[in-house]
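Reading through the structure tokens given below for one structure.
Derivation of every value follows stated rules applied to the coordinates shown; laboratory data play no part. Predicted model, so just to flag it, every value in this text is computed and none were measured. A quick note on method: Cβ atoms are made from the backbone with ideal geometry, for glycine too, and the neighbour counts reach across all protein chains shown.
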Amino acid sequence: MTELPNFDQMMQMAKEDPQQLERIRQQAINDAINNASSGNQNQLRSLQHRIDRTIERASNPYQSMIEVSNMMHEKLSLLDTHLNRPEQLNRAKVVSLSQQSQPESLPQVRSAKR
């Protein structure tokens, strides 16, 4: 794992050398993902990509913090529902698409004349 500077050092770096602070952030993220189980690494990379795009789209650091915080709260709320109220989840009904299970007549779809 990457050894992180202390808070005061990171504050100074944010003011004087933000590119270095970003390199340290990226290295810490990569280390965390690489140390995760191999089954979770793709999902973590996908999540980090989404976080990075959210940060890039934000007009300022405060907005990026709010947006990422909202993402976290959405995921925690979904986790809470899965764990404590699974009956509230919208479950999709799986329907077989084999020839045997198709209804006798399907509605005809007409194409629009141009």
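Here are a few things to note about the model shown:
- Rounded if a/c under 1.5, otherwise prolate or oblate - the range 9-79, Cα gyration tensor axes: oblate
- Annotation for the range 33-70: trypsin sites (Lys or Arg not before Pro) lying in DSSP loop with at most 16 further Cβ atoms inside 10 Å of their Cβ do not exist.
- Sites Met71 and Ala36 - FRET efficiency at Förster radius 30 Å, r taken between beta-carbons, to 0.05: 0.95
- Compactness relative to 2.2 N^0.38 Å, alpha carbon Rg of the range 39-84: 1.30
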